[in-house]
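One structure below.
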Amino acid sequence: MNLANINFKTGAVARSGIGDTVYFIQKSHVTSWPVIKNDIDEALFLDDYVETAAGTVSDFGIAAGRRWSRLYSTQGKGRVTWEQQGEADCRVAVNKASLHYPRVTNEIRAFAKSAANGDFVFIVKHDGKYYIIGSRYYRTVLTTDGDSGDSAGSAKGVTVRMECPDTTPLPTYKGLLLMDEGVLDCNTDQFTNYINMSTNLIKEYLIEDGDTVRLTALSEHGRVSLEGEGTIKLEVAVGDDPYHEIEHDVEFGEDGLAQAPINACIGDRIRISAETLTKATVNWSRVEMAERSL
């Protein structure tokens, strides 16, 4: 792979600052890390060299029952930067970010206490992309400074600063972030709320050719009923492990029906991919909560 031209169109929009939400998780809760190419000769595309491709192999794997958390940042008070450090042949990028939370609360004080000697992974949004501050190989250094403010209207709250060495300046994350209230797809920048359903309630999703439905099962057993034409693939992920195919492609019968029972434990995920499908209805039963991402 050759490095690309570095052009800029005069008059183009170049946004500064970071988004008003930063996502974080304790490093000890991460079970697998996104994949990125560190050898330029192994990268087929530029994205391989600086970004983690969207897909299951490049999602963060997190321990069962763990989720990403949010941290609000006052607009205009946050940024991401990097600088190079090290000696010849051993230089790395030190990725940094800072933000400001505008209040002093129990939640932010608990975070500050844990951050003093903890190790976290952060996802920070800048100009439409999500960047990783954190590494499987290096510890993230965190500092927090609290301030009550001194007069009416004066700035107050907690300033959070983080930095972590990495081989890539601000590696881009394009996978999923699972949170208590839903899932954020960093590739499409779409957040999907969990859908509350009572046990044994059948929920139908209409999917068409090329669509993918991801379901997060929070009950012990479930069944996917399929109705339509074409071929559909079923995969399951135990806990937060990568997906794997649980059976061969499901062929619809002459009556246009197919059923596939799935035993899903708490925290397991099911992915239903419509590859050559023209149209199908997916019924998922006995799920307390489910998530749809197309």
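Quick notes on this structure:
- Of the accessible area of the stretch 150-191, computed with a 1.4 Å probe over protein heavy atoms only, carbon and sulfur atoms account for 44 percent.
- Local electrostatic count, Ala112, Cβ distance below 15 Å [Lys/Arg +1, Asp/Glu -1]: +1
- Two-site FRET efficiency, Lys113 against Asp145, from Cβ-Cβ distance with R₀ of 22 Å, rounded to 0.05: 0.95
- At R0 = 45 Å, FRET efficiency that the Cβ-Cβ distance of Glu87 and Ala152 yields, to 0.05: 0.30
- Per residue, the stretch 89-202 exposes 51 Å² of solvent-accessible protein surface, assessed with a 1.4 angstrom probe and all protein chains in place.
- Vicinal HN-Hα couplings computed from phi for the stretch 63-74 (Karplus, 6.51 cos²θ - 1.76 cosθ + 1.60; Hz; Gly/Pro x): 4, 4, x, 9, 9, 6, 10, 9, 9, 6, 10, 4
- Distance between the stretch 101-132 and the stretch 6-23 - C-alpha centres, whole angstrom: 22
- Of all accessible heavy-atom area on the stretch 1-122, the percent that carbon and sulfur account for (1.4 Å): 48
The values are calculated or read from the model by the stated rules, or taken from the named source; none is laboratory data. Nothing here was measured: the structure is a model prediction, and the numbers come from that model. Here Cβ is always computed from backbone atoms with ideal geometry, including for glycine, and neighbour counts include all displayed protein chains. What goes into the accessible areas is simple: the full protein's heavy atoms, side chains included, and nothing from ligands, DNA or RNA. Shrake-Rupley method; radii C 1.70, N 1.55, O 1.52, S 1.80 Å.
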